[in-house]
1. Scan the range 380-391 residue by residue and report those that are open to solvent by less than 30 Å² (accessible area, probe 1.4 Å) and either within 13 Å of His90 (Cα to Cα) or more than 14 Å from the chain's Cα centre (by Cα) (or both).
2. Among the residues of the range 161-195, which ones are assigned to a loop (DSSP other than H, G, I, E, B) and within 20 Å of Gln212 (Cβ to Cβ)?
3. Go through the range 307-321 and count every residue that is over 21 Å from the mean Cα position of the chain (by Cα) and either over 15 Å from Asp346 (Cβ atoms) or at pLDDT below 85 (or both).
4. Looking at Leu387, Leu320, which one is touching a helix residue (DSSP H, G or I) at 6+ places or on another chain (Cβ under 8 Å) and over 30 Å from Lys428 (Cβ atoms)?
5. Of the residues Ser350, Ser359, which is more than 22 Å from Gly58 (Cα to Cα), hydroxyl-bearing (Ser, Thr, Tyr) and at pLDDT below 95?
6. Being of a type in the set (Ser, Thr, Tyr), closer than 17 Å to Val274 by Cβ and out of contact with any Lys or Arg (no Cβ under 8 Å at 6 or more places or on another chain), is that true of even one residue in the range 189-204?
7. Take the residues of the range 212-229 that are open to solvent by 10 Å² or more (accessible area, probe 1.4 Å) and closer than 19 Å to Gln317 by Cβ: which is farthest from the chain's Cα centre (by Cα)?
8. Can you tell which of Asp67, Asp57 is farther than 19 Å from Ala405 by Cβ, open to solvent by 20 Å² or more (accessible area, probe 1.4 Å) and at pLDDT below 95?
Amino acid sequence: MSGLSMRAGLAALLAMIVCSASPAAGQQDATVLFRNVRIFDGRNATLSAASNVLVRDGKIEKISTTDITATSQIIAGGGRVLMPGLIDAHWHAMLVRPTPMAALAGDIGYNNLLAASEATATLMRGFTTIRDMGGPTFGLKQAIDEDLVAGPRIYPSGAIITITGGHGDFRQLSDLPRTIGGMLSRMERIGGSMVADSPDEVRVRAREQLMQGASQVKLTAGGGVASPFSPLDVSTFTEPELRAAVEAADNWGTYVATHAYTPVAIQRSIAAGVKCIEHGHLMDEASAKLMAEKGIWLSTQPFLDMSAGAGLGPSEQDKLRQVVAGTDRVYELAKKYHLKTAFGTDVLFSQALAEKQGSMLAALTRWYTPAEALVMATSTNAELLSLSGLRNPYPGKLGVVEEGALADLLLVDGNPLDDITLVADPAKSFVVIMKDGKVYKNILPH
């Protein structure tokens, strides 16, 4: 069975099994009316006056400070804050819960079910959209979109594209030498990552991800923490290789993002036409200035401690230590040069760390005001998602509360503009969670 047909069959199995096992999908009336709410619109640092918000057919139809008459489900806001659903711009839906070995060698059906369970947990943390930056998420996305599984919207990259020995190459040394055109490795067969060592190979692998529905293409332009044979200082793809992916993505009306920590990896990516740098924790002033001049996005993460390294070996923990040491610097440069900066968490191989997704957002207040952090995780992240152009799987406005926007909404018991730690306790703070106009959680008294 080919890799594609295997994934298609497993997606169908996932849908059948999870549909009967997971919490009920969102319940959607013809209309939903939020009455007496104060709105954080995702753009401004102030709340609205007491307002009413009418949702119909998955979109916000009307916002008014006067009464709205509608035959609908009525949610009495009681003066609580209504805000956009949160967006995580760097997530790996298939890689959150399994161990590295289980992700590579474990049963595919089980891993899909594990990812479906995590997708529901992600949504219940208030993250209604994620940008998946590597992994076989196409089947999971389909199951969520068809309401077979409760989960966030997924902007998928498909397989990470890497080089021999690059970040994302999780093969063993016994798998070498690689025969060009030979049998694919296990990680490639399941769609986790693809090895490409020439512009032609990169072009093929990028086109394959786009063919499967990728909204953007992800390459690793430099070394990474979790990969065993990938030093942080190494720059991997050549500029012609990176440009091949950029050309393929551009032909499909979308863009390339690269995993890049170092100045060389960042600057080479920009020279090749890459539009978004992931991480950037080891960047220098010249790289930040270049990004500002070219309008390049920075999608980075507030790594402040070694908690992400619990399951890693000594050499990987040492690399993580270097990244953590660069976190303050990358945010300082982002602010100094007014870089277009997106928020993500990049959680790998840890359910416990995933549960701190909101806490990582709250940690942005080390550098930003609560309002600036929340704007970043809503409307700013949505602006990054829109770079996918015609490949956008969810056309419409995300990350904002305004008429005509997609109805991904959170009703918060408290004011997150005053106390951003509310997002770190979603079970208590988010009393209503809506995605696409459907209520997935409502713990208000009826």
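1. Result: Asn381, Ala382, Leu384, Leu385.
2. Gly168, Leu184, Ser185, Ile190, Gly191, Gly192
3. 10
4. Going through Leu387, Leu320 in turn, the sole match is Leu320.
5. From the options Ser350, Ser359, the qualifying one is Ser350.
6. Residues of the range 189-204 of a type in the set (Ser, Thr, Tyr): 193, 198.
Applying the additional criterion that residues be closer than 17 Å to Val274 by Cβ yields none.
For the range 189-204, residues of a type in the set (Ser, Thr, Tyr), closer than 17 Å to Val274 by Cβ and out of contact with any Lys or Arg (no Cβ under 8 Å at 6 or more places or on another chain): absent.
7. It comes out as Phe229.
8. Asp67
The values are calculated or read from the model by the stated rules, or taken from the named source; none is laboratory data. Please read all numbers here as calculations on a predicted model, not as lab measurements. For neighbour counting, all protein chains shown are included, and Cβ atoms are generated from backbone atoms with ideal geometry for every residue, glycine included. Quick note on the areas: whole protein, heavy atoms, side chains included, nothing else; ligands and nucleic acids left out. Shrake-Rupley method; radii C 1.70, N 1.55, O 1.52, S 1.80 Å.
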